[in-house]
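The values are calculated or read from the model by the stated rules, or taken from the named source; none is laboratory data. No experiment lies behind these values; they were computed from the predicted model shown. Quick reminder, even Gly has a Cβ in these numbers, built from the backbone with ideal geometry, and neighbours come from all protein chains shown. Remember, those area values only see protein heavy atoms, side chains included, never the ligands or the DNA or RNA. Shrake-Rupley method; radii C 1.70, N 1.55, O 1.52, S 1.80 Å.
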Amino acid sequence: MIQSLVLIRILQQHICKKLLMFIRRSNSNNSTSNTEQKQVVAVNHDYSVTANNNVTDKAAADKAAASSNSESATVDSSSSSETTNPTVDTPFADKAVHTIYTGTNTYLYTTKELTTIATTPLQGNTSVIAYPDGITTALTGKNAGDPAIPVTYKGQNLYFKGTFEGLTSNGLYPDGYYYALTDTVFYGVVKPTDPSVKLDAPFLNGSTWFYFFDGGFTIYSYKNNVWTGNTFLNAQ
């Protein structure tokens, strides 16, 4: 048991180092920020009536004033309607991707600004529906700058606070995902014997494969063309 936990810790450290190296390389090749922020620009339209000094007909002047007031009221009403009925943000209507969250237990949030913690925490090695097309960046609060990933977890639409961009870099592995960390260390949400696993070279004796699933994980060891595994289930 202790040896298995040590292997998991080594795996996590390798993944973090690989991601940090990638980020540093990206930052050195780009002098500008690669984070896109959408800004909403509000345009105010000012309407005014300029008096004509040559107008002597009081009735015509009153009519012009009445028309101006009506137009102003229409504009104010339209502005009020836009304020009280803003465009509905529906990231949960985008493409849904089934994933297995392979990280440690963490918080979820009720808003995309990542300001309010949800009452339901996210447990590691569990099934999560993610919406990659709806990922935004928190602009305010203590989590400003962090990715907000829309997810459905245990029937609730919530937000996952990411550290990096994308799903897999945040421990959200889509169905069929696997990765070769080294020549002898692999991980993913498929078993090493799955027909979908295609590698450039045969497995080496002593190889280790971490298989994550909804409810736990299995550590497979390879020797003489045979995989043997030890399974660990989530605490209930």
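Just a few scattered comments:
- With all protein chains kept in place, the per residue accessible area of the stretch 95-171 amounts to 46 square angstrom at a probe of 1.4 angstrom.
- Multiplying the residue separation of Ile117 and Thr184 by 0.36 nm and removing their Cα-Cα distance gives an extension gain of 20.2 nm.
- Solvent-accessible surface (1.4 angstrom probe) belonging to Val190, in square angstrom, nearest 10: 10
- Prolate/oblate/rounded call for the stretch 147-236, Cα gyration tensor, a/c under 1.5 rounded: prolate
- Links that overshoot a 24 Å alpha carbon limit, given the list Lys154/Lys198; Lys112/Lys154; Lys191/Lys223: Lys154/Lys198
- In Hz, Karplus ³J(HN,Hα) per residue of the stretch 142-158 (6.51, -1.76, 1.60; θ = phi - 60°; x = Gly, Pro): 5, 9, 4, x, 8, x, 10, 9, x, 9, 10, 9, 6, x, 10, 8, 9
- Here the stretch 118-205 has 51 percent of its accessible surface on carbon and sulfur atoms, given a 1.4 Å probe and all protein chains in place.
- Shown are Ile100, Ile117, whose ranking by accessible area with a 1.4 Å probe and every protein chain present, most to least, is Ile117, Ile100.
- Extending 7 Å from the Cα toward the beta-carbon at both Asn225 and Lys142 defines two label points whose distance is 5.7 nm.
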